[in-house]
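Down below is the structure, laid out as structure tokens.
The numbers here are math on the coordinates, done by the rules we state, and not lab data. Just so we're clear, the structure is a prediction, and the values are computed from it rather than from any experiment. Ideal geometry is used to build each Cβ from the backbone, glycine not excepted, and the neighbour counts take in all protein chains shown.
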Amino acid sequence: MKYLFKKPTVKKVIFQIKFPSLFSMELKVGELQDKIIREFPESSLSYIHPMFLTQIGPEGKKIEPPKELTNVEKVWQFISPKGYRLNVLINSLDISSDLHKSYDNPKAEHRFRDVIESVLEPFFSLTRIPNLNRIGLRYIDECPIPRIDDSEFKKWYNTVLPLKRFSLTTTNEMSFRTVTKVDKYYLMYSENFILIKDKNKMTHKFLLDFDGYAENIPSDNYLNITDKLHQIISDCYFETIKKPAIDRMKPL
């Protein structure tokens, strides 16, 4: 089922791969930048400091962090004017987008699949990474709420929230989360109904979060795996929303 919506619910899409630490990454990043600079002209280098919770020994002395935790980790970041963000580390790569409204719909002007391919093809040709530890695709959706009424809400969504026991009308927060296996892949699915209080204003939000992933796969099969993860997420999404929600998004 391939819809293209005028007002889609998706707010953020994230693609990520994880791989064994590549200590030559610093030498490869410059070459990668040359190949993607037209789409990602803005670049920066930042550092991640590993977190260590200070501990106190039996005599009240502070235990110093292990030496390996004092090292910082480099993050090479590339940003597109269109709203894509690419992060490269020595053991992972992720692409996020607030722009994309379609993964691969041929009618869409911007397709997230095209961006993934435009980055990963030169990346793998430079790094020659044979296998990936993990590949993931995540969608975060903010869905419309007709009104705070349990019966009306269930007309819009095939929700798994426990509305038989707890009513939305008296709820500040209600959540559901599961990690399940679909064939040989995994899907983390969550629903979150939240009441946000901002001064004198109260706003309700209904968030859907889909995180599909696969583990231990050959890198040359990354696009096929990503396509399958997208299909799993898409199937779950359309099992959750009903016709009134689809109509609100205005299919094109």
Under the Karplus curve 6.51 cos²θ - 1.76 cosθ + 1.60, θ = phi - 60°, whole-Hz ³J(HN,Hα) for segment 102-119, x wherever Gly or Pro sits:
8, 7, 8, 5, x, 7, 7, 6, 10, 10, 5, 4, 5, 5, 4, 5, 5, 8
A chain fully extended from K184 to N200 at 0.36 nm per residue, minus the present Cα-Cα distance, gains in nm 0.9 nm
Measure off 7 Å from each Cα along the Cα-to-Cβ vector at R128 and F238, then give the distance between these two points in nanometres to one decimal.
4.3 nm
I148-N105 FRET efficiency (beta carbon distance; Förster radius 35 Å; 0.05 resolution)
0.60
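Please compute the length gained on full extension between N192 and L45, using 0.36 nm multiplied by the number of residues separating them and subtracting their Cα-Cα distance. Walk me through the intermediate numbers first.
On the way: separation 147, 0.36 × 147 = 52.92 nm, distance 3.43 nm.
Value of the extension gain: 49.5 nm.
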For segment 24-40, in residue order, the Karplus 3J(HN,Hα) values (coefficients 6.51, -1.76, 1.60; θ = phi - 60°; whole Hz; Gly and Pro = x) are 8, 4, 4, 6, 7, 4, x, 5, 5, 4, 4, 7, 10, 5, 5, 7, 10
Report the extension gain between L252 and R165 in nm, rounded to one decimal, defined as 0.36 nm multiplied by the number of residues separating them, less their alpha carbon distance.
27.5 nm
Packing-based exposure ordering (other Cβ within 10 Å, fewest first) of I225, I90, I135
I90, I225, I135
Enumerate the calculated ³J(HN,Hα) couplings along segment 162-172 in order (Karplus 6.51 cos²θ - 1.76 cosθ + 1.60, θ = phi - 60°), each rounded to whole Hz, writing x wherever the residue is Gly or Pro.
x, 6, 5, 9, 10, 8, 4, 5, 10, 9, 8
Contact order normalised by length for segment 10-248, with contacts defined as Cα pairs under 8 Å and 6 or more residues apart; what percent is it?
21 percent
Ranking of S96, S43 by count of other Cβ atoms within 10 Å, fewest first:
S43, S96
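Using +1 on the beta carbon of Lys and Arg, -1 on that of Asp and Glu, and nothing else charged, what's the dipole of the chain about the Cα centre, debye to 20?
Working: 39 positive and 33 negative charges, 188 e Å.
So the magnitude is around 900 debye.
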